[in-house]
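Peer 1: Before anything else, here's the structure in question.
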Amino acid sequence: MQRRKFIRTAAVGGASVAAAGTLAAPAIAQSAPELKWRMASSFPKSLDTIFGSAEIFTKYVSEATDGKFQIRLFAAGEIVPGLQVADAVQNGTVEMGHTASYYYVGKDLTFALDCAVPFGLNARQQDAWMNWGGGRQLMNDFFKDYNIHSMPCGNTGGQMGGWFRKEIKTVDDLKGLKFRVSGFAGEVLTKLGVVPQQLAGGDIYPALEKGTIDAAEWVGPYDDQKLGFNKVAQYYYYPGWWEAGPQLSAYVNTTKWAELPKSYQAIIEAAAAKAHTSMLSKYDAQNPKAVRELVASGTKLMPFSQPIMEACYNATNELFAALNEKNPKFKKVFESWKPFRAEETLWFRVVENTMDNFMARLSAANKL
Ligand code: CA
(Lines give C-alpha, C1' and ligand atoms only; values in the text may rest on other atoms or scores of the structure.)
Protein backbone atom coordinates (compact mmCIF):
# COMPACT_ATOMS: atom_id res chain seq x y z
CA MET A 1 0.00 0.00 0.00
CA GLN A 2 2.67 2.45 1.08
CA ARG A 3 4.70 1.81 -2.02
CA ARG A 4 1.70 2.10 -4.35
CA LYS A 5 0.73 5.37 -2.76
CA PHE A 6 4.26 6.71 -3.13
CA ILE A 7 4.40 5.74 -6.80
CA ARG A 8 1.07 7.40 -7.42
CA THR A 9 2.19 10.66 -5.73
CA ALA A 10 5.47 10.62 -7.61
CA ALA A 11 3.67 10.03 -10.87
CA VAL A 12 1.40 13.02 -10.25
CA GLY A 13 4.39 15.19 -9.40
CA GLY A 14 6.29 14.01 -12.44
CA ALA A 15 3.34 14.38 -14.76
CA SER A 16 2.77 18.02 -13.95
CA VAL A 17 5.77 20.21 -13.21
CA ALA A 18 3.60 23.29 -13.02
CA ALA A 19 1.41 21.73 -10.36
CA ALA A 20 4.44 20.74 -8.29
CA GLY A 21 5.70 24.29 -8.51
CA THR A 22 2.51 25.81 -7.21
CA LEU A 23 2.32 23.16 -4.49
CA ALA A 24 5.85 23.91 -3.27
CA ALA A 25 5.40 27.67 -3.08
CA PRO A 26 3.23 27.91 0.05
CA ALA A 27 5.61 25.65 1.99
CA ILE A 28 8.55 27.96 1.25
CA ALA A 29 6.57 31.07 2.15
CA GLN A 30 5.58 29.50 5.46
CA SER A 31 9.17 28.67 6.44
CA ALA A 32 10.45 32.12 5.44
CA PRO A 33 7.84 34.61 6.61
CA GLU A 34 8.27 38.34 6.19
CA LEU A 35 9.04 39.74 9.61
CA LYS A 36 9.88 43.19 10.87
CA TRP A 37 11.45 43.34 14.31
CA ARG A 38 12.96 46.08 16.43
CA MET A 39 16.22 45.80 18.35
CA ALA A 40 17.03 48.28 21.11
CA SER A 41 20.71 48.86 21.77
CA SER A 42 22.11 50.04 25.11
CA PHE A 43 24.75 51.99 23.24
CA PRO A 44 25.14 55.22 21.28
CA LYS A 45 25.90 55.15 17.55
CA SER A 46 29.26 56.80 18.29
CA LEU A 47 30.50 53.51 19.78
CA ASP A 48 31.23 52.06 16.35
CA THR A 49 32.77 48.96 17.93
CA ILE A 50 29.77 47.91 20.00
CA PHE A 51 26.93 49.58 18.11
CA GLY A 52 28.67 48.62 14.87
CA SER A 53 28.57 44.93 15.77
CA ALA A 54 24.79 45.15 16.20
CA GLU A 55 24.64 46.65 12.70
CA ILE A 56 26.63 43.66 11.44
CA PHE A 57 24.09 41.43 13.19
CA THR A 58 21.00 43.01 11.61
CA LYS A 59 22.62 43.17 8.15
CA TYR A 60 23.50 39.48 8.30
CA VAL A 61 19.95 38.48 9.27
CA SER A 62 18.52 40.51 6.40
CA GLU A 63 20.94 39.16 3.80
CA ALA A 64 20.63 35.55 4.94
CA THR A 65 16.84 35.75 4.52
CA ASP A 66 16.85 37.66 1.20
CA GLY A 67 15.46 40.66 3.06
CA LYS A 68 12.48 38.77 4.49
CA PHE A 69 13.53 39.13 8.12
CA GLN A 70 14.27 42.77 8.86
CA ILE A 71 15.51 43.83 12.28
CA ARG A 72 15.66 47.59 12.70
CA LEU A 73 18.30 48.75 15.13
CA PHE A 74 17.74 51.64 17.54
CA ALA A 75 20.45 53.41 19.54
CA ALA A 76 20.17 54.01 23.27
CA GLY A 77 17.37 56.46 24.00
CA GLU A 78 15.60 56.11 20.66
CA ILE A 79 12.98 53.69 22.00
CA VAL A 80 14.10 53.14 25.57
CA PRO A 81 17.04 54.43 27.63
CA GLY A 82 20.18 52.33 27.31
CA LEU A 83 19.88 50.82 30.75
CA GLN A 84 16.27 49.65 30.21
CA VAL A 85 16.84 47.30 27.30
CA ALA A 86 16.25 44.17 29.41
CA ASP A 87 12.88 45.55 30.57
CA ALA A 88 11.91 46.45 26.99
CA VAL A 89 12.64 42.88 25.80
CA GLN A 90 10.96 41.36 28.85
CA ASN A 91 7.69 43.21 28.35
CA GLY A 92 7.72 42.92 24.54
CA THR A 93 8.18 46.64 23.77
CA VAL A 94 10.88 45.39 21.41
CA GLU A 95 11.51 41.86 20.14
CA MET A 96 15.26 42.12 20.69
CA GLY A 97 17.96 44.02 22.54
CA HIS A 98 21.72 44.39 22.41
CA THR A 99 23.17 45.09 25.79
CA ALA A 100 25.63 44.29 28.57
CA SER A 101 23.97 42.07 31.15
CA TYR A 102 25.81 43.67 34.06
CA TYR A 103 23.73 46.81 33.59
CA TYR A 104 20.97 44.92 35.39
CA VAL A 105 22.79 43.97 38.60
CA GLY A 106 20.27 46.19 40.39
CA LYS A 107 17.65 43.51 39.62
CA ASP A 108 19.93 40.60 40.49
CA LEU A 109 23.73 40.35 40.60
CA THR A 110 23.45 37.02 38.73
CA PHE A 111 23.09 39.08 35.52
CA ALA A 112 26.76 40.01 35.81
CA LEU A 113 27.97 36.45 35.21
CA ASP A 114 26.62 36.74 31.64
CA CYS A 115 28.94 39.70 31.06
CA ALA A 116 31.74 40.24 33.55
CA VAL A 117 32.41 40.06 37.27
CA PRO A 118 35.57 41.31 39.01
CA PHE A 119 38.57 39.03 38.47
CA GLY A 120 36.53 37.12 35.93
CA LEU A 121 37.22 35.31 32.70
CA ASN A 122 39.00 36.81 29.72
CA ALA A 123 37.20 36.86 26.36
CA ARG A 124 38.35 33.41 25.27
CA GLN A 125 37.67 31.86 28.65
CA GLN A 126 34.21 33.42 28.74
CA ASP A 127 33.49 31.85 25.34
CA ALA A 128 34.78 28.51 26.61
CA TRP A 129 32.49 28.66 29.62
CA MET A 130 29.47 29.83 27.65
CA ASN A 131 29.82 27.29 24.82
CA TRP A 132 31.34 24.26 26.51
CA GLY A 133 31.19 24.83 30.25
CA GLY A 134 27.43 25.03 30.65
CA GLY A 135 27.35 28.84 30.86
CA ARG A 136 24.75 29.43 28.17
CA GLN A 137 22.35 26.87 29.59
CA LEU A 138 22.72 28.19 33.12
CA MET A 139 22.30 31.80 32.06
CA ASN A 140 19.28 31.05 29.90
CA ASP A 141 17.67 29.16 32.79
CA PHE A 142 18.17 32.34 34.81
CA PHE A 143 16.94 34.62 31.99
CA LYS A 144 13.65 32.66 31.66
CA ASP A 145 12.32 34.57 34.67
CA TYR A 146 12.76 37.73 32.60
CA ASN A 147 11.22 36.34 29.36
CA ILE A 148 14.64 36.64 27.77
CA HIS A 149 16.48 34.21 25.49
CA SER A 150 20.08 35.39 25.42
CA MET A 151 23.14 34.67 23.32
CA PRO A 152 26.67 36.08 23.26
CA CYS A 153 26.96 38.97 20.81
CA GLY A 154 30.32 40.65 21.23
CA ASN A 155 33.18 41.10 23.64
CA THR A 156 35.39 44.14 24.18
CA GLY A 157 38.37 42.15 25.41
CA GLY A 158 40.16 43.28 28.56
CA GLN A 159 39.29 46.84 29.54
CA MET A 160 41.40 49.56 31.09
CA GLY A 161 41.13 50.60 34.74
CA GLY A 162 40.27 54.15 33.84
CA TRP A 163 41.39 57.75 33.93
CA PHE A 164 42.58 59.28 37.20
CA ARG A 165 43.37 62.92 37.88
CA LYS A 166 45.99 61.95 40.46
CA GLU A 167 48.22 58.98 41.09
CA ILE A 168 46.85 56.08 43.11
CA LYS A 169 49.89 54.71 44.91
CA THR A 170 48.43 52.88 47.89
CA VAL A 171 45.14 51.27 48.93
CA ASP A 172 44.61 54.32 51.18
CA ASP A 173 44.60 56.60 48.12
CA LEU A 174 41.28 54.96 47.14
CA LYS A 175 39.52 56.40 50.21
CA GLY A 176 37.00 59.07 49.29
CA LEU A 177 37.81 58.79 45.58
CA LYS A 178 34.81 59.73 43.45
CA PHE A 179 35.07 57.20 40.66
CA ARG A 180 32.69 56.67 37.74
CA VAL A 181 32.58 52.88 37.68
CA SER A 182 29.97 50.21 36.90
CA GLY A 183 27.76 48.38 39.40
CA PHE A 184 29.57 45.25 40.60
CA ALA A 185 33.04 46.87 40.71
CA GLY A 186 31.47 49.83 42.48
CA GLU A 187 30.27 47.53 45.26
CA VAL A 188 33.75 46.03 45.63
CA LEU A 189 35.43 49.43 45.65
CA THR A 190 32.96 50.76 48.22
CA LYS A 191 34.53 48.30 50.66
CA LEU A 192 37.84 50.11 50.09
CA GLY A 193 36.41 53.59 50.60
CA VAL A 194 35.71 54.56 46.99
CA VAL A 195 32.54 56.58 46.31
CA PRO A 196 31.23 55.07 43.04
CA GLN A 197 29.44 57.37 40.61
CA GLN A 198 26.96 56.34 37.92
CA LEU A 199 27.23 58.53 34.86
CA ALA A 200 26.23 57.96 31.24
CA GLY A 201 29.04 58.05 28.67
CA GLY A 202 28.36 61.60 27.50
CA ASP A 203 28.39 63.01 31.04
CA ILE A 204 31.80 61.66 32.04
CA TYR A 205 34.02 64.21 30.29
CA PRO A 206 32.50 67.39 31.83
CA ALA A 207 32.40 65.81 35.30
CA LEU A 208 36.05 64.80 35.05
CA GLU A 209 37.01 68.20 33.64
CA LYS A 210 35.27 70.10 36.46
CA GLY A 211 36.62 67.76 39.10
CA THR A 212 33.10 66.70 40.16
CA ILE A 213 34.59 63.23 39.90
CA ASP A 214 38.22 62.20 40.45
CA ALA A 215 38.35 59.27 38.07
CA ALA A 216 36.34 57.47 35.42
CA GLU A 217 36.47 54.19 33.59
CA TRP A 218 34.84 53.65 30.22
CA VAL A 219 36.22 50.94 27.92
CA GLY A 220 39.73 51.06 26.51
CA PRO A 221 42.06 53.18 24.35
CA TYR A 222 40.04 53.20 21.11
CA ASP A 223 36.72 54.27 22.66
CA ASP A 224 38.26 56.41 25.42
CA GLN A 225 40.38 58.42 23.00
CA LYS A 226 37.29 59.44 21.04
CA LEU A 227 35.74 60.85 24.21
CA GLY A 228 38.90 62.86 24.89
CA PHE A 229 39.51 61.76 28.49
CA ASN A 230 43.25 62.24 27.99
CA LYS A 231 42.63 66.00 27.92
CA VAL A 232 41.19 66.05 31.44
CA ALA A 233 43.03 63.26 33.28
CA GLN A 234 46.66 62.29 32.96
CA TYR A 235 46.90 58.86 34.56
CA TYR A 236 45.51 55.90 32.66
CA TYR A 237 45.46 52.86 34.92
CA TYR A 238 45.31 49.17 34.03
CA PRO A 239 44.04 46.53 34.18
CA GLY A 240 40.29 46.98 34.58
CA TRP A 241 40.18 43.95 36.88
CA TRP A 242 36.37 44.11 36.89
CA GLU A 243 36.22 43.60 33.11
CA ALA A 244 38.79 41.07 31.92
CA GLY A 245 36.55 40.07 29.01
CA PRO A 246 33.07 41.56 29.24
CA GLN A 247 30.58 39.91 26.93
CA LEU A 248 27.79 41.76 25.16
CA SER A 249 24.54 39.87 24.68
CA ALA A 250 21.69 39.74 22.21
CA TYR A 251 18.40 39.32 24.04
CA VAL A 252 15.27 37.95 22.35
CA ASN A 253 11.82 37.97 23.96
CA THR A 254 11.15 34.26 24.67
CA THR A 255 7.65 34.29 23.15
CA LYS A 256 8.98 35.90 19.96
CA TRP A 257 11.88 33.44 19.88
CA ALA A 258 9.50 30.48 20.13
CA GLU A 259 7.41 31.84 17.23
CA LEU A 260 10.38 31.90 14.84
CA PRO A 261 10.92 29.14 12.26
CA LYS A 262 13.95 27.00 13.13
CA SER A 263 15.78 28.46 10.13
CA TYR A 264 15.37 32.00 11.44
CA GLN A 265 16.52 30.93 14.89
CA ALA A 266 19.63 29.43 13.28
CA ILE A 267 20.22 32.62 11.28
CA ILE A 268 19.96 34.74 14.45
CA GLU A 269 22.47 32.45 16.17
CA ALA A 270 24.86 32.69 13.21
CA ALA A 271 24.46 36.47 12.99
CA ALA A 272 25.20 36.84 16.71
CA ALA A 273 28.28 34.62 16.36
CA LYS A 274 29.54 36.75 13.50
CA ALA A 275 28.96 40.00 15.41
CA HIS A 276 30.62 38.43 18.45
CA THR A 277 33.96 37.73 16.77
CA SER A 278 33.78 40.90 14.72
CA MET A 279 33.61 43.12 17.80
CA LEU A 280 36.52 41.54 19.66
CA SER A 281 38.74 41.52 16.59
CA LYS A 282 37.92 45.17 15.88
CA TYR A 283 38.97 46.18 19.39
CA ASP A 284 42.16 44.15 19.09
CA ALA A 285 42.90 45.78 15.75
CA GLN A 286 42.14 49.38 16.84
CA ASN A 287 43.49 49.60 20.39
CA PRO A 288 47.24 49.48 19.65
CA LYS A 289 47.19 52.63 17.49
CA ALA A 290 45.01 54.46 20.02
CA VAL A 291 47.24 53.61 22.96
CA ARG A 292 50.31 54.80 21.04
CA GLU A 293 48.63 58.10 20.24
CA LEU A 294 47.45 58.57 23.83
CA VAL A 295 50.94 58.03 25.20
CA ALA A 296 52.34 60.42 22.58
CA SER A 297 49.84 63.05 23.79
CA GLY A 298 51.15 62.84 27.35
CA THR A 299 48.98 60.10 28.89
CA LYS A 300 50.82 58.16 31.59
CA LEU A 301 50.08 54.43 31.54
CA MET A 302 50.08 53.17 35.11
CA PRO A 303 49.58 49.63 36.42
CA PHE A 304 47.55 49.24 39.62
CA SER A 305 50.03 48.14 42.30
CA GLN A 306 50.01 44.53 43.49
CA PRO A 307 48.75 45.54 46.99
CA ILE A 308 45.84 47.41 45.36
CA MET A 309 45.05 44.43 43.10
CA GLU A 310 45.18 42.06 46.08
CA ALA A 311 42.99 44.29 48.27
CA CYS A 312 40.43 44.45 45.45
CA TYR A 313 40.61 40.68 44.94
CA ASN A 314 40.01 40.07 48.65
CA ALA A 315 37.11 42.53 48.73
CA THR A 316 35.63 40.78 45.68
CA ASN A 317 35.82 37.40 47.42
CA GLU A 318 34.00 38.82 50.45
CA LEU A 319 31.26 40.02 48.13
CA PHE A 320 31.07 36.63 46.35
CA ALA A 321 30.80 34.84 49.72
CA ALA A 322 27.98 37.13 50.88
CA LEU A 323 26.16 36.69 47.56
CA ASN A 324 26.39 32.90 47.72
CA GLU A 325 24.84 33.07 51.20
CA LYS A 326 21.85 35.15 50.24
CA ASN A 327 21.24 34.58 46.52
CA PRO A 328 20.55 30.96 45.43
CA LYS A 329 20.34 31.95 41.75
CA PHE A 330 23.79 33.49 41.88
CA LYS A 331 25.11 30.49 43.80
CA LYS A 332 23.80 28.05 41.17
CA VAL A 333 25.70 29.77 38.33
CA PHE A 334 28.74 30.65 40.44
CA GLU A 335 29.24 26.98 41.36
CA SER A 336 29.80 26.25 37.66
CA TRP A 337 31.74 29.44 36.95
CA LYS A 338 34.29 29.44 39.80
CA PRO A 339 35.89 26.01 39.20
CA PHE A 340 35.84 26.75 35.46
CA ARG A 341 37.85 29.93 36.10
CA ALA A 342 40.35 27.93 38.16
CA GLU A 343 40.81 25.35 35.40
CA GLU A 344 41.08 27.95 32.64
CA THR A 345 43.65 29.95 34.57
CA LEU A 346 45.70 26.81 35.21
CA TRP A 347 45.70 25.93 31.51
CA PHE A 348 46.39 29.48 30.31
CA ARG A 349 49.40 29.61 32.66
CA VAL A 350 51.04 26.79 30.71
CA VAL A 351 51.09 28.02 27.12
CA GLU A 352 49.30 31.33 26.65
CA ASN A 353 50.87 33.22 29.56
CA THR A 354 54.34 31.83 28.89
CA MET A 355 54.21 32.76 25.23
CA ASP A 356 52.56 36.14 25.92
CA ASN A 357 55.14 37.03 28.56
CA PHE A 358 58.05 36.12 26.31
CA MET A 359 56.63 38.18 23.45
CA ALA A 360 55.85 41.05 25.85
CA ARG A 361 59.50 41.15 26.91
CA LEU A 362 60.56 41.32 23.26
CA SER A 363 58.05 44.11 22.69
CA ALA A 364 59.36 46.04 25.71
CA ALA A 365 62.91 45.63 24.39
CA ASN A 366 61.81 46.88 20.96
CA LYS A 367 62.83 43.64 19.33
CA LEU A 368 59.64 42.91 17.40
CA1 CA B 1 34.13 49.59 31.51
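The values are calculated or read from the model by the stated rules, or taken from the named source; none is laboratory data. Just so it is clear, the structure is predicted and the values come from calculations on it, not from any experiment. Cβ sites come from the backbone with ideal geometry, for glycine too, and all protein chains shown count toward neighbours. These area figures cover heavy atoms from the full protein model, side chains too; ligands, DNA and RNA do not enter into them. Shrake-Rupley method; radii C 1.70, N 1.55, O 1.52, S 1.80 Å.
Peer 1: PHE330 is checked against (1) hydrophobic (A, V, I, L, M, F, W, C); (2) closer than 27 Å to PRO152 by Cα; (3) assigned to a loop (DSSP other than H, G, I, E, B) and fails just one. What number does that condition carry?
Peer 2: (3)
Peer 1: What number of residues within the stretch 146-179 satisfy the criterion of being on the phi > 0 side of the Ramachandran plot and assigned to a loop (DSSP other than H, G, I, E, B)?
Peer 2: The qualifying residues number 3.
Peer 1: Sticking with this one: Given the condition among the β-branched types (Val, Ile, Thr) and surrounded by 23 or more Cβ atoms within 10 Å (Cβ to Cβ), answer yes or no: does some residue in the stretch 232-240 qualify?
Peer 2: No, that holds for no residue.
Peer 1: Follow-up. Being within 15 Å of the chain's Cα centre (by Cα) and not hydrophobic (A, V, I, L, M, F, W, C) is the filter; apply it to the stretch 268-283 and report the residue that is farthest from the ligand (Cβ to nearest atom).
Peer 2: Here the residue is LYS274.
Peer 1: Filter the stretch 210-267 down to the residues that are β-branched (Val, Ile, Thr) and part of a helix (DSSP H, G or I), then identify the one that is nearest to the ligand (Cβ to nearest atom). Step through it out loud before you land on a result.
Peer 2: So the first thing to find is which residues in the stretch 210-267 are β-branched (Val, Ile, Thr), and the list is 212-213, 219, 232, 252, 254-255, 267.
Cutting the leftovers down to part of a helix (DSSP H, G or I) gives us 254-255, 267.
Numbers: THR254: 29, THR255: 32, ILE267: 31 Å.
Once the filter is applied, the top-ranked residue is THR254.
Peer 1: Scan the stretch 102-119 and report the pairs whose first residue is over 15 Å from GLY186 (Cα atoms) and whose second residue is open to solvent by 10 Å² or more (accessible area, probe 1.4 Å) and at pLDDT below 95, with Cβ atoms within less than 7 Å and a gap of 6+ or a chain change.
Peer 2: PHE111/TYR102; PHE111/VAL105; CYS115/TYR102
Peer 1: Name the single residue that is farthest from the ligand (Cβ to nearest atom) among those in the stretch 112-134 being open to solvent by 10 Å² or more (accessible area, probe 1.4 Å) and either in a strand (DSSP E or B) or polar (S, T, N, Q) (or both).
Peer 2: Filtering the stretch 112-134 for residues that are open to solvent by 10 Å² or more (accessible area, probe 1.4 Å) and either in a strand (DSSP E or B) or polar (S, T, N, Q) (or both), the one farthest from the ligand (Cβ to nearest atom) comes out as ASN131.
Peer 1: Determine if the stretch 103-111 includes at least one residue that is more than 23 Å from LEU260 (Cβ to Cβ), open to solvent by 40 Å² or more (accessible area, probe 1.4 Å), in a helix (DSSP H, G or I) and in contact with a His (Cβ under 9 Å, 6 or more places away or on another chain).
Peer 2: No, the stretch 103-111 contains no residue that is more than 23 Å from LEU260 (Cβ to Cβ), open to solvent by 40 Å² or more (accessible area, probe 1.4 Å), in a helix (DSSP H, G or I) and in contact with a His (Cβ under 9 Å, 6 or more places away or on another chain).
Peer 1: Shifting gears a bit: Do we have any residue at all in the stretch 333-353 that's in contact with a Phe, Trp or Tyr (Cβ under 6 Å, 6 or more places away or on another chain), aromatic (Phe, Trp, Tyr), open to solvent by less than 70 Å² (accessible area, probe 1.4 Å) and outside any helix (DSSP H, G or I)?
Peer 2: no
Peer 1: Another one. What number of residues within the stretch 68-93 are more than 22 Å from THR49 (Cβ to Cβ), touching a strand residue (DSSP E or B) at 6+ places or on another chain (Cβ under 6 Å) and free of Cβ contacts under 8 Å to residues at least 60 places away in the same chain?
Peer 2: The total comes to 2.
Peer 1: Let me ask something else. Please indicate, with yes or no, whether at least one residue in the stretch 90-98 is of a type in the set (S, T, N, Q) and more than 30 Å from ALA322 (Cβ to Cβ).
Peer 2: Scanning the stretch 90-98, I find at least one residue that is of a type in the set (S, T, N, Q) and more than 30 Å from ALA322 (Cβ to Cβ), so the answer is yes.
Peer 1: Tell me which residues, restricted to the stretch 331-366, are free of Cβ contacts under 8 Å to residues at least 12 places away in the same chain and either in contact with a Pro (Cβ under 9 Å, 6 or more places away or on another chain) or of a type in the set (Gly, Ala, Ser) (or both).
Peer 2: Matches in the stretch 331-366: ALA342, ALA360, SER363, ALA364, ALA365.
Peer 1: Could you look through the stretch 180-204, keep only residues that are assigned to a helix (DSSP H, G or I) and not aliphatic (A, V, I, L, M), and pick out the one that is farthest from the ligand (Cβ to nearest atom)?
Peer 2: Per the stated criteria, the residue is THR190.
Peer 1: Kindly indicate the residue of the stretch 135-182 that is free of Cβ contacts under 8 Å to residues at least 40 places away in the same chain and more than 25 Å from the chain's Cα centre (by Cα) and also least open to solvent (accessible area, probe 1.4 Å) among those meeting that condition.
Peer 2: Out of the qualifying residues, it is LEU177.
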